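These notes are about the structure you will find just below.
The values are calculated or read from the model by the stated rules, or taken from the named source; none is laboratory data. Predicted model only: the values in this text are computed from it and were never measured. Neighbour counts run over all protein chains shown; Cβ positions are idealised from the backbone, glycine included. Each accessible area value is taken on the protein alone, full model and side chains, heavy atoms only, with ligands, DNA and RNA left out. Shrake-Rupley method; radii C 1.70, N 1.55, O 1.52, S 1.80 Å.
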Amino acid sequence: KGTKKCYICNYKTSLYENKNSYCSDRIVCDNCAGNRAAECCGSGVTGSGGKTTLIKALASFYKSLGKTVLITTTTKIQSSLRYNWDADFYITDEREILSFEALCPCTVLFALKGDSQTKLTAPDIRVLEKLREKFDIVLCEADGAKMLPLKVHTFRDPVVPSFCDYTIAVIGGES
């Protein structure tokens, strides 16, 4: 704790020091840190032909506005070996993500290691519910289309978490 200026509101007060080496120069006042949960927004992205590209673009946009962004999935998602997410942090361990402090603008990709090196799998929904309060924005890939241009939903999908404030349905232009 110290008495410097908060990088969000520029108010001089007691501060939380950021423990991330990525943004150790950023400090947040008690008030801004306390208001983070009220500002968070969750969205599920479903459909085909552009979900991943849209999620990456939204993450970049929200980060440019000074937001902390979590990219995750409720099914499967492409790993960083197959797709360049432009994330600042890639986390595949539940304990690590639950202890992660995102107090500065950054993008975090979180999903669990799967059977394949090119796909990551969904974490437990209870973990995602806890993470929603730690990030300003949660972008959740909520179904898989297996690279097909059109996705028809069935009884088992999409898997949109209840904490999502809205759902974006994507359909590819080639469909």
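In table form, for the structure just shown:
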| item | result |
| --- | --- |
| Candidate set: the stretch 91-119, residues that are of a type in the set (Ser, Thr, Tyr) and closer than 15 Å to residue 141 by Cβ; chosen: the one surrounded by the fewest Cβ atoms within 10 Å (Cβ to Cβ) | 118 |
| Within the stretch 81-90, considering residues that are charged (D, E, K, R) and open to solvent by 60 Å² or more (accessible area, probe 1.4 Å), the one modelled with the highest pLDDT | 86 |
| Test: residue in the stretch 145-167 that is within 22 Å of residue 84 (Cβ to Cβ) and modelled with pLDDT of 90 or more | no |
| All positions within the stretch 56-80 that are crowded, with 19+ Cβ neighbours inside 10 Å and of a type in the set (A, V, I, L, M) | 59, 69, 70, 71, 77 |
| Neighbours by Cβ (under 9 Å, 6+ apart or cross-chain): first from the stretch 135-159, of a type in the set (Phe, Trp, Tyr); second at pLDDT below 70 | 135/36; 135/40 |
| Out of 136, 124, sole residue that is open to solvent by 40 Å² or more (accessible area, probe 1.4 Å) and either among the charged types (D, E, K, R) or modelled with pLDDT under 90 (or both) | 124 |
| The stretch 39-52 - residue that is within 14 Å of the chain's Cα centre (by Cα) and of a type in the set (Ser, Thr, Tyr) and, of those, least open to solvent (accessible area, probe 1.4 Å) | 43 |
